[in-house]
Each structure stands twice: as C-alpha cells, then as structure tokens.
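Each value in this text was obtained by applying a stated rule to the coordinates, not by laboratory testing. Being a predicted model, the structure only gives us computed values, none of them experimental. Don't worry about glycine lacking a Cβ; one is built from the backbone with ideal geometry, like all the others, and counts go over all protein chains shown.
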Amino acid sequence: MATYTPPLREMQFVIHEVLNAGDAFKKMPSYAEVDVDTINQIMEEAGKFAAGVVLPLNRIGDTEGCTRNEDSSVTTPKGFKEAYQLYCESGWAALACDPEYDGQGLPQLLNTVLYEMLNSTNQAWAMYPGLSHGAYECLHEHGTPEQKKTYLKKLVSGEWTGTMCLTEPHCGTDLGMLKSKAEPKGDGTYSITGTKIFISSGDHDMAENIVHLVLARLPDAPQGTKGISLFAVPKFKPNADGSVGEGNAVSCGALEHKMGIHGNSTCVMNFDGSIGTLVGEPNRGLNAMFVMMNAARLGVGMQSLGLTEVAYQNSAAYAKERLQMRSLKGPKEPTKAADPIIVHPDVRRMLLTQRAYAEGARAFTYWVAFMIDTELNHPDAKEREAAGELVTLLTPIIKAFITDNAFTATNEGMQVFGGHGYIAEWGMEQFVRDARINMLYEGTNTIQSLDLLGRKVLGDKGAKLRKFGKIVEDFIAKEKRTKGMSEFLEPLADIAEKVSKLTKEVGMKALLNKEVVGAAAVPYLRVVGHLVYSYMFARMAKVALEKQNSGDPFYSAKLSTARFYFAKLFHETAYQIRAARSGVDSLMEMDASLF
Amino acid sequence: MKILVAVKRVVDFNVKVRVKADQSGVDLANVKMSMNPFDEIAIEEAVRLKEAGIATEVVVISAGPTQCQETLRTALAIGADRAILAETDAELQPLAVAKILKAVCEKEQPQLLIMGKQAIDDDSNQTGQMAAALLGWPQATFASKVVIANGEASVTREVDGGLETIALTLPAVVTTDLRLNEPRYATLPNIMKAKKKPLDVQPVAGMGIDVAPRLKTLKVAEPPKRSGGIKVADVAALVAKLKNEAKVI
C-alpha cells in the first residue's frame with residue numbers, strides 16, 4: 001500500500017520563505033493573528049489527520065466503490081462516513097469559512113495546504129468536503145439572507161454537504177443547451193424538473209442532508225446561456241428550526257462506473273418536481289455558479305498536486321530500495337546483489353519530473369491562494385484588484401497545466417516501479433487513474449485553454465497578461481545582479497519575451513481566422529504554464545541560493561530541482577510554441593467524412 | 001485534582017536519524033522534531049481524566065530549549081489547560097529532568113504526575129522512576145490502564161509476565177505504555193484556543209537546580225551493517241551453528 005508523509009518542510013518553504021505569508025497576513029486585519037507558529041501547528045495537525053485517517057481509506061475506496069441501494073440511497077465505502085465525521089468534529093470543514101457562520105476565518109492559503117494533503121491521501125474522499133466548500137462559497141456570495149441562514153452554518157460545520165449540478169446527458173461543456181426546468185410555485189419557491197449526470201458526491205450516507213446547487217431554466221427564460229438560473233435544492237427540506245424535514249423529490253437514479261475516484265459517488269440525479277429556491281438573480285445563474293466553478297477549478301489543481309506529491313514519495317522510496325542492475329559507472333553498492341535503481345539516469349529523470357512538477361505546482365497554487373487572500377482581505381483596494389486580476393488570469397492554468405503535468409507525473413511514478421507499478425496493491429496505478437479525471441471535469445483542459453487564450457488574454461487585449469509580465473520583469477530587474485541567478489533568469493526572460501510575441505502573433509492571426517484560437521489554445525496554455533513555473537522556480541532558487549551554505553541540504557536540493565526543471569522540462573516550450581504557431585490548416589483541411 | 005504531565009521534544013518518529021561525523025551524537029540540525037509519542041499518550045490520559053470529571057486542571061511541562069514551546073502548544077491543543085517551560089539550552093539527562101519535575105511538583109502540588117515510560121530518542125526509561133524517588137511518591141510504570149477513585153490510583157502495568165494491577169496512594173507518578181489509550185487528533189478550534197492558553201517560561205538557571213550531566217557520552221555509532229546470510233544443509237547444521245557460532249542456544 002502507498003504511504004504518505006506530509007511534506008511540511010516543502011510547504012513551509014513556500015509559505016514562509018518564498019511568500020513570507022506570515023508577514024503579509026499581519027497587514028490583513030482578519031488574518032492579523034495568523035503567524036508562523038499558528039500556520040505550522042495547523043499544518044502539522046492537518047497532516048496527522050490526512051496521513052492517519054484519510055490515507056488508510058484510499059485503497060478501500062478504490063476497491064469497494066460506492067453502492068446504490070434499492071431505495072436509491074447511496075452507501076459510501078467502509079470508513080468514509082466515520083472519517084468524515086471526525087473531519088467535521090475536528091473543525092477542518094470550517095477552516096476558511098466566515099466566523100459569522102461559525103467558521104474559523106483562516107486564510108485560503110491554509111485551506112489549500114489542507115487540501116493538498118487530503119488529495120495526496122485520498123482524492124475521492126476529499127471531494128465530498130471539497131464540493132461542499134464550493135457550495136458554501138457560492139451561497140455565501142450569492143445566497144439570499146434566508147438561504148444563508150438555512151444553509152451556511154450547516155455547510156461550515158459539515159453536517160450538510162453540497163453539490164454542483166450542471167451537466168445533463170446532452171449538455172456538458174455547452175451549458176446553453178441546458179433543459180432542466182424551474183416552475184415558480186407562487187410562494188417564492190420553484191419546482192425543479194430534469195436529469196443531471198456526473199454529479200460528484202450527488203448522494204451519500206456521510207451527512208444528514210445535501211444541498212444541490214442546480215442550474216435550470218425559468219419558463220420565460222431566453223435561449224442559451226443568458227437564460228439559466230441557479231437554484232438551491234435540498235435533499236431533505238429543512239425545518240424552520242434548522243433540523244432535517246421531509247424528503248424532497250430528488251434521488252440518485254444510478255451511479256456511474258468510472259476509471260478512477262471510485263470512492264466518490266458520481267451520480268445521475270433525478271429532480272422530479274423537487275422544491276428549490278432561487279440563488280442570485282433570475283437568468284444570471286451562470287454568473288453565480290462561476291463562483292463555485294472557479295473554486296472547483298483551483299480545487300482540481302490541488303487534487304493533481306496532491307497526487308503528484310504522493311506518487312513522487314512512493315516512487316522515490318521504491319527507487320532507493322529496489323535492487324536491479326548496476327550503475328553504468330560500475331557498482332555503487334558492491335556488497336549488494338545489485339544497485340538500487342536510483343543510480344540510473346532515466347529513473348532519476350522520472351523521479352525529478354514528478355518532484356519538479358510537485359514543487360512547481362505547490363509554489364504556484366500557494367501563491368494563487370495567497371492572492372485570493374489578498375483579493376479578499378487586503379486593506380488597499382488597488383492591491384485587492386490587482387490580486388483578483390491575477391487569480392482570474394491564472395485559474396485556467398492551474399486547472400489545465402497542473403492536471404496535465406500530474407497525469408505525466410503519476411505515470412512516471414508508476415513507471416519507476418516497472419511491472420509492479422501496474423499491480424494494484426502498490427497503489428501506483430490508482431494514482432494514474434485518479435489523476436486522469438482531473439483533465440476532464442470542471443471544464444476539460446481544452447476548454448481551460450480556450451478560456452485562457454480567448455477570454456482571459458485576447459478578451460482584454462492582453463492587459464492582464466501584461467500585468468503578470470510586469471511582475472516577472474520586475475523580478476528579473478531586481479535579481480539581475482544577484483550572484484548565481486543568471487542561469488534561472490535567462491530562460492525566464494527568454495520565455496517571457498516569447499509569450500509576449502506568441503500572444504501578439506496569435507492575436508493578429510485570429511483577427512483573420514477565428515479558428516486560429518482553437519488550434520493554438522492548448523499549446524499556448526502549456527507555454528504560459530511554463531512561464532509561470534519558470535517564474536516560480538526562479539523565485540525558489542533565489543531563496544535557496546541565499547541559504548545554500550546554511551548547512552541544510554534542503555536548499556541544495558531545491559537548486560538541483562530547479563536546474564533539472566530548466567534543463568529537462570522547460571524546453572517543451574520550444575515545441576509547443578512551434579505547434580501554436582503552425583496554424584489551423586493542417587487540422588481543418590481533411591473533410592469530416594474522411595475521419 | 002490537578003495533573004502534571006511531562007512532555008519531551010524529540011526527533012520525529014518518521015525521521016531516519018544519522019550519526020554525526022564526529023560520533024558525538026545524532027545529527028539534529030534541520031531535523032523534524034515532535035512530541036515523544038509516549039508523552040502524547042500521557043496527555044491524552046490526563047485530558048480524559050479531566051473530561052471524566054476526575055481531574056480539574058491539566059498542567060503540561062517540558063524542559064529544554066525555547067522550541068519546546070511548540071511541543072507544549074501541541075499539548076495545549078490536545079486539551080491541557082496551561083503550560084510551563086523549564087527553559088535551558090543545556091543537555092538534560094533524566095536525573096536533571098527528574099529534579100526539575102520535583103521542583104515543579106512541590107510548587108504546583110499535583111496529585112498525579114504522568115509521562116511517557118520512555119522517550120523515543122534515548123530510550124532511557126528513567127525520568128519517571130527518578131522523579132518518584134526524589135519526590136518520595138509511589139510509582140506505577142508501563143501503565144496500560146489507570147483508574148482513579150477514593151484518593152487512590154489503580155494502575156494496570158504491562159510487565160514481562162503479563163499484566164499486573166497495583167494500587168497507589170496519591171500523589172503518585174505514572175508512566176504510560178503504548179496500549180493505555182489512542183491519542184486523539186487535535187481539533188482546529190482547540191489549536192486556535194491553545195494559542196491563548198498561558199505558557200509560563202521559567203529559566204532553569206533560576207531554579208537553583210544542579211542539572212549538570214552525570215553521564216558522559218563516549219561515542220555514538222551506527223549499528224553494524226547486516227552482512228549477507230548463509231545457507232545451511234539441514235536442521236542439524238542450523239542448530240549446530242546457532243549453538244557454536246552464534247551462541248544463542
């Protein structure tokens with residue numbers, strides 16, 4: 001079975017040494033008390049919970065899966081419910097929630113750390129509280145006072161969970177085609193009818209009630225995405241005193257059989273005249289739902305970081321123990337039957353690929369989480385706005401770049417094991433299967449790429465991207481003369497310039513032919529992703545250079561990983577830039593009938 | 001009833017320790033440190049006694065450098081009410097710690113002093129016994145069950161032959177074994193509350209206690225590397241080798 005040690009030192013490095021979050025929080029009134037010691041202690045205890053309670057359920061969840069009973073109720077794998085109860089009793093669900101609703105009011109950054117650990121230990125399990133938190137954020141921002149009163153404390157405590165119900169059998173990416181109906185009942189409530197599919201945590205036995213956030217159309221709604229409204233539909237109707245009342249007409253019609261995340265109940269949900277209330281304004285449902293979708297997209301990035309880390313830990317341990325063949329330079333451990341496979345260059349490539357993708361993703365996601373905290377809590381309006389713009393720009397990159405990389409990384413982790421990687425009991429093939437969904441849900445990675453290039457970059461004529469470019473430029477200017485930094489700054493400056501050129505070129509070509517965006521988007525996102533990682537690795541290298549003579553080998557390992565990244569992974573940009581520039585003709589010239 | 005729990009900050013159980021090049025000890029630089037797992041059991045037991053209405057206050061003490069405050073905060077997050085750090089950068093051996101505990105017990109007047117039966121770093125298994133001797137209190141080591149009633153502690157001990165139950169008059173010293181309980185996970189609200197609980201730092205230098213080491217470490221070395229095994233022809237050869245070469249039977 002796979003093991004997991006919370007990478008606390010790695011996490012502390014990013015939080016305290018790269019981001020200096022403790023100092024920054026002092027300027028944010030609601031986080032003023034969140035100092036270094038507090039952060040460390042919360043991380044330490046969160047790590048104990050993840051490794052001690054959640055990890056042992058990972059393989060059980062994978063082999064057992066969920067069961068739909070005859071009465072359409074769903075039973076989760078053995079132990080899931082008890083672990084969730086302990087999670088709620090321990091207050092983890094409330095970590096980053098509003099104190100007005102009994103939350104702990106702690107930074108998003110800490111929630112991100114918590115979720116990295118939960119996802120390393122059990123992605124399928126972590127999805128239950130993860131989606132609830134998304135539902136909490138959506139209702140917190142767009143709910144009516146009545147909805148907030150009914151739902152928020154229950155979601156914060158974890159007594160109730162939440163879901164997001166978007167997809168229908170005929171409508172996945174294109175929500176404009178959505179058919180579910182909402183009829184006003186005349187008493188302020190609505191009757192919701194329709195079928196939703198792929199509903200993660202749709203029904204289960206872990207909480208006493210579930211609130212579904214459902215997209216549906218009002219009778220007079222316009223066609224397309226401008227006619228979609230959002231509704232809160234409880235599994236059981238809440239009584240006035242907050243207790244659980246009679247059942248609502250919503251049920252799980254079937255469970256999907258999936259490649260991975262078997263422990264999560266992925267449901268077909270039937271709404272048969274179920275009673276719900278409107279969230280936000282009529283026909284502006286997508287706007288409200290985007291709060292949850294953006295949270296979920298960052299959450300998916302965390303899932304993939306979690307899997308990358310745990311795959312790395314297990315394959316690194318295996319590579320140090322597994323004896324096969326001799327080093328090409330002659331035996332390294334002559335007393336043993338063979339050398340451990342970590343002596344082989346390509347095994348190291350596989351390990352370092354995982355490690356670099358884990359370190360890059362950690363620095364990136366923690367930085368963005370820190371930006372979200374800044375956006376929500378910084379006293380200076382300009383800082384808040386700037387941080388918000390960065391988060392908007394970077395969200396599709398977190399979702400797509402990290403999940404692509406995690407599939408590569410978990411695959412490499414499995415490869416390190418040779419044939420044993422394919423055998424279930426080692427746990428490595430589960431990581432690959434679980435990682436695969438992350439490239440698909442919450443908007444496929446192609447959709448993320450179109451969102452980045454079409455909406456976030458070309459949509460404002462590159463304004464947000466230039467602001468990010470300015471951050472990179474300022475960093476380069478500041479560190480240009482720092483001894484030892486040139487090997488990291490040169491590729492960073494190079495890729496920054498190339499992204500700028502590529503953006504202009506694609507933008508110009510797109511004016512003549514809109515399909516150019518569709519052809520260039522995916523390689524474009526890979527290139528911008530590497531720009532972000534180059535920036536993160538350069539920032540980490542700067543800290544590591546300052547401390548490399550401290551006697552702590554941690555810092556020289558940081559530099560080695562950064563060097564590996566720039567030597568072996570970064571150059572993907574060369575090929576992706578060519579692919580992005582190569583236009584659309586080769587894709588479109590063949591007649592569809594010839595496929 | 002007041003309970004005093006002694007906790008030690010040690011190398012985390014997950015860490016693979018390395019011997020220093022000069023063989024003067026184990027390399028502690030940049031190594032993750034945690035609460036001694038046996039002491040976690042002691043804290044858990046004290047907090048359970050408080051939750052059961054038997055104890056009224058749980059005070060936790062550690063002796064060592066300023067970083068021990070982290071360990072004390074962990075104990076406060078599990079449920080201790082307040083903490084004392086006997087602060088010193090000097091090396092502390094079990095006798096020195098026992099003397100510090102004696103001084104604190106005389107001041108705090110607890111009815112029960114609980115700690116782990118040993119610490120996972122040096123495995124001395126001495127501090128509890130020495131503290132009991134210095135205080136003149138009865139002691140029950142290797143506890144796997146503790147029942148407090150009528151001014152007495154009934155303690156089940158894990159001894160070589162099985163289980164032994166003894167009764168102690170309070171105040172007494174109890175050292176905990178692994179099976180006494182399973183420590184809880186600290187809750188987030190309690191972690192936050194722990195920040196605000198009192199933590200009193202008292203320099204050991206000001207206590208008037210002689211903490212000078214009585215033992216001198218000559219050398220710390222790694223265990224010898226395991227050499228390869230051999231195959232024997234039959235059981236008789238195996239028995240002969242165990243008898244004559246390994247001299248274990």
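Set Lys and Arg Cβ to +1 and Asp and Glu Cβ to -1, take the dipole of segment A:160-284 about its Cα centre, and tell me which of A:His212, A:Gly263, A:His170 lies farthest positive.
A:His170
Based on C-alpha coordinates, I'd like the Rg and Dmax of segment A:99-207, in Å.
15.9, 48
Among A:Thr63, A:Val233, A:Gln85, whose Cα projects farthest towards the positive end of the dipole of chain A, with charges put on the beta-carbon of Lys, Arg (+1) and Asp, Glu (-1)?
A:Thr63
In whole Å and largest first, what semi-axes does the C-alpha gyration tensor of segment A:8-145 yield when each eigenvalue is scaled by 5 and square-rooted?
30, 20, 11
Taking only the Cα atoms of segment B:2-223, how large is their convex hull per residue, in Å³?
Residue-normalised Cα hull volume stands at 133 Å³.
For segment A:447-587, take every pair of Cα atoms, bin their distances at 5 Å starting from 0, and report each bin as a whole percent.
2, 10, 19, 19, 17, 12, 9, 6, 3, 2, 1, 0
Around B:Leu199, under 9 Å between beta carbons, what's the net of Lys plus Arg minus Asp minus Glu among the other residues?
Local net charge: +2.
Using a simple spin-label model with points 7 Å from Cα along the Cα→Cβ vector, what separation in nm is obtained for A:Asp591 and B:Ala205?
For A:Asp591 paired with B:Ala205, the spin-label model returns 9.3 nm.
Could you state the number of Å between the C-alpha centres of segment A:385-401 and segment A:531-550?
Going from one Cα centre to the other spans 22 Å.
I'd like the distance between the alpha-carbon centres of segment A:554-571 and segment A:1-28, rounded to an integer number of Å.
19
Taking chain A as the reference, fit the longest principal axis to its C-alpha atoms, fit the long axis of helix A:80-89 to the helix C-alpha atoms, and give the angle between the two in degrees, 0 to 90, nearest 10.
Roughly 90 degrees between the two axes.
In the neighborhood of B:Glu70, defined by Cβ-to-Cβ distances under 10 Å, what is the net charge if each Lys or Arg adds +1 and each Asp or Glu adds -1?
0
Set Lys and Arg Cβ to +1 and Asp and Glu Cβ to -1, take the dipole of chain A about its Cα centre, and tell me which of A:Tyr565, A:Leu390, A:Gly518 lies farthest positive.
My answer, from the dipole projection, is A:Tyr565.
Cα convex hull of segment A:160-284: mean projected area in nm², to one decimal?
It is 7.8 nm².
Please report, to two decimal places, log10 I(q)/I(0) for segment A:537-595 at q = 0.13, 0.14 Å⁻¹ as given by the Debye formula with identical point scatterers on the Cα atoms and no solvent.
With no solvent term, the Cα-only Debye profile gives -0.54, -0.57.
Taking N as the number of residues in segment B:1-97, what value does Rg over Cα atoms divided by 2.2 N^0.38 Å take?
Cα Rg divided by the expected 2.2 N^0.38 Å: 1.19.
Spit out the partnerless Cys residues in the protein assembly as shown, using Cβ distances under 4.7 Å as the pairing rule.
A:Cys66, A:Cys88, A:Cys97, A:Cys138, A:Cys165, A:Cys171, B:Cys68, B:Cys105
Which of A:Tyr575, A:Tyr357, A:Tyr84 has the fewest other C-beta atoms within 10 Å, and how do the rest follow up to the most?
Result, fewest neighbours first: A:Tyr575, A:Tyr84, A:Tyr357.
Can you sort A:Thr195, A:Thr112 by how many other beta carbons sit within 10 Å, fewest first?
Taking fewest neighbouring Cβ atoms as first place, the list is A:Thr195, A:Thr112.
Using Cβ counts within 10 Å as a stand-in for footprinting exposure, how do B:Leu199, A:Leu106, A:Leu155 rank, fewest first?
By the 10 Å Cβ count, ascending: B:Leu199, A:Leu106, A:Leu155.
Relative to the longest principal axis of the C-alpha atoms of chain A, give the angle of the C-alpha long axis of helix A:515-547, reported between 0 and 90° and rounded to the nearest 10°.
Here the helix axis deviates by roughly 60 degrees.
Can you give the relative contact order of segment B:62-170 as a percent, counting alpha carbon pairs under 8 Å and 6+ residues apart?
It rounds to 17 percent for segment B:62-170.
May I ask you to order A:28-34, A:69-75 by the average number of other C-beta atoms within 10 Å around their residues, highest value first?
So the peptides A:28-34, A:69-75, ranked by packing, come out A:28-34, A:69-75.
By DSSP, what percent of the beta bridges with both residues in chain B are antiparallel, rounded to the nearest 5?
40
If you add up the charges near B:Gln109, with Lys and Arg at +1 and Asp and Glu at -1, over every other residue whose beta carbon is less than 14 angstrom from its beta carbon, what do you get?
0
Based solely on its DSSP helices, what 222 nm [θ] is calculated for chain B when runs of n ≥ 4 H residues each add -39,500 (n - 2.57) and the sum is averaged over all residues, nearest 500 deg cm²/dmol?
-8000 deg cm²/dmol
For chain A, take the longest principal axis of its alpha carbons; what is the angle in degrees between that and the long axis of helix A:486-512, to the nearest 10 within 0 to 90?
50
If the limit is 31 Å between Cα atoms, which of A:Lys558/B:Lys16; A:Lys332/B:Lys243; A:Lys196/A:Lys382; A:Lys27/A:Lys504; A:Lys154/A:Lys196; B:Lys8/B:Lys243 go over it?
With Cα atoms farther than 31 Å apart: A:Lys332/B:Lys243; A:Lys196/A:Lys382; A:Lys27/A:Lys504; B:Lys8/B:Lys243.
Relative contact order for chain A: what percent, with Cα pairs under 8 Å and sequence separation of 6 or more?
Computed value for chain A: 13 percent relative contact order.
Please figure out what share of the DSSP beta bridges in the protein assembly as shown is antiparallel and state it in percent, rounded to the nearest 5.
Percentage antiparallel, nearest 5: 60.
Pairs of alpha-carbon atoms within less than 8 angstrom and 6+ residues apart define the contacts here; what relative contact order does segment A:89-242 have, in percent?
19
Across the protein assembly as shown, what fraction of all alpha-carbon pairs, as a whole percent, falls in each successive 20 Å bin from zero upward?
The distribution over the protein assembly as shown is 14, 41, 34, 10, 1, given as percents.
Which entries of A:Lys461/A:Lys498; A:Lys148/A:Lys235; A:Lys48/B:Lys225; A:Lys81/A:Lys258; A:Lys547/B:Lys20 have Cα-Cα distances beyond 23 Å here?
Distance filter (> 23 Å) returns A:Lys48/B:Lys225.
Based on Cβ point charges of +1 for Lys and Arg and -1 for Asp and Glu, what charge dipole magnitude is obtained for chain A about its Cα centre, in debye rounded to the nearest 20?
1980
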